[in-house]
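Here the structure is laid out as structure tokens; the discussion comes afterwards.
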Amino acid sequence: MSKILMVVSGADSLKLSDGTSHPTGFWAEEVAASHEVLRAAGHEVDIATPGGVRPTVDPISLDERGGVEKADAERFRAYLDALDAELARPTDLSGVSAGDYDAVYIPGGHAPMADLAVSTDAGRLLNDADERGMIVAALCHGPAALLSAVKEDGSFTFAGRELTVFSDEEERQGGLGDKSPYLVESRLRELGALVRPGDAWASRVVVDGTLITGQNPQSSADTAQRVVEALAAR
């Protein structure tokens, strides 16, 4: 059994390009489906958030308006309800040591764009995890957290690494569109990441050594399964 740290955004709003505040949070499927796969494989999963705040589920991720079928929404809601005690008292990210875990897993929703992308604690954790050769996994908008990882010389820790992320195309088709404060795919490219998106809304996972990334909510279970496989191969 391995220990996995699931880093969940604590943000419940995102400032849009027009200056307005957009309610957000973590995407239900990305936490529920990922957590379920990791736990089913026998791994211990700890949840951490910035400041140890209780994370907020994006209500759209449990609604047909978010492209989630009713039966799926009920299943994700039930799983999150069963996980309520852990979500209510997450570990404070500032006190986490990468050395205590075997992998870091970052689900998305738009919320990571608001806090994890600029978190010094997230940056410290990711830099340490990468230096230790740990598995770092990020899903959908979760790779926004990678933006926080900068080396002492100012270079981007994940420059030159292949990854995928909620694509600019998907953001324009079914995300925040022009109101998005920035496009995560474009920002990662600008910093030197080799972004390899697949077809919009289709499951896609990219593995580059110890870096495992999934493109969208549809990739949730597949991303977690690749983490399970990577841990089993160690």
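Name the residue that is modelled with the lowest pLDDT, counting only residues in the range 37-76 that are small (Gly, Ala, Ser) and either more than 24 Å from Val136 (Cα to Cα) or surrounded by 20 or more Cβ atoms within 10 Å (Cβ to Cβ) (or both). It would help to see each step written out before you state the result.
Taking the range 37-76 as the starting set, the residues that turn out to be small (Gly, Ala, Ser) are 40-42, 48, 51-52, 61, 66-67, 71, 73.
So of that shortlist, the ones also either more than 24 Å from Val136 (Cα to Cα) or surrounded by 20 or more Cβ atoms within 10 Å (Cβ to Cβ) (or both) come out as 48, 61, 66-67, 71, 73.
Details: Ala48: 98, Ser61: 98, Gly66: 90, Gly67: 93, Ala71: 97, Ala73: 97.
That would be Gly66.
Residue count for the range 97-118 satisfying the condition of being open to solvent by less than 10 Å² (accessible area, probe 1.4 Å) and not in a helix (DSSP H, G or I): 7. No other residue among Arg161, Arg132, Arg89, Arg172 is in contact with an Asp or Glu (Cβ under 7 Å, 6 or more places away or on another chain) and among the basic types (Lys, Arg) apart from Arg161. Flag: Val45 matches the condition of being closer than 23 Å to Ala78 by Cβ, touching a strand residue (DSSP E or B) at 6+ places or on another chain (Cβ under 8 Å), in contact (Cβ under 8 Å) with a residue 40 or more places away in the chain and not small (Gly, Ala, Ser).
Give Ser17, Ser21, Ser34 a once-over and let me know the one that is surrounded by 15 or more Cβ atoms within 10 Å (Cβ to Cβ) and polar (S, T, N, Q). It is Ser34. If the condition is being in a helix (DSSP H, G or I), hydrophobic (A, V, I, L, M, F, W, C) and either in contact (Cβ under 8 Å) with a residue 12 or more places away in the chain or over 23 Å from Leu14 (Cα atoms) (or both), then the range 56-77 contributes Leu62, Ala71, Ala73, Phe76. There is no residue in the range 151-167 that is assigned to a helix (DSSP H, G or I), without any contact (Cβ under 8 Å) to a residue 60 or more places away in the chain and surrounded by 19 or more Cβ atoms within 10 Å (Cβ to Cβ).
Tell me, yes or no, whether the range 191-203 has at least one residue that is within 27 Å of Gly51 (Cα to Cα), open to solvent by 30 Å² or more (accessible area, probe 1.4 Å) and in contact with a Ser or Thr (Cβ under 6 Å, 6 or more places away or on another chain). Scanning the range 191-203 turns up no residue that is within 27 Å of Gly51 (Cα to Cα), open to solvent by 30 Å² or more (accessible area, probe 1.4 Å) and in contact with a Ser or Thr (Cβ under 6 Å, 6 or more places away or on another chain).
Looking at Asp178, Asp130, Asp121, which is the one that is part of a helix (DSSP H, G or I) and over 25 Å from Asp58 (Cβ atoms)?
It is Asp130.
The values are calculated or read from the model by the stated rules, or taken from the named source; none is laboratory data. It should be emphasised that the depicted structure is a prediction, and the values quoted were computed from it without experimental measurement. Glycine also receives a Cβ, built like all others from the backbone with ideal geometry; neighbour counts cover every protein chain displayed. Areas reflect the complete protein model, heavy atoms only, side chains present, ligands, DNA and RNA absent. Shrake-Rupley method; radii C 1.70, N 1.55, O 1.52, S 1.80 Å.
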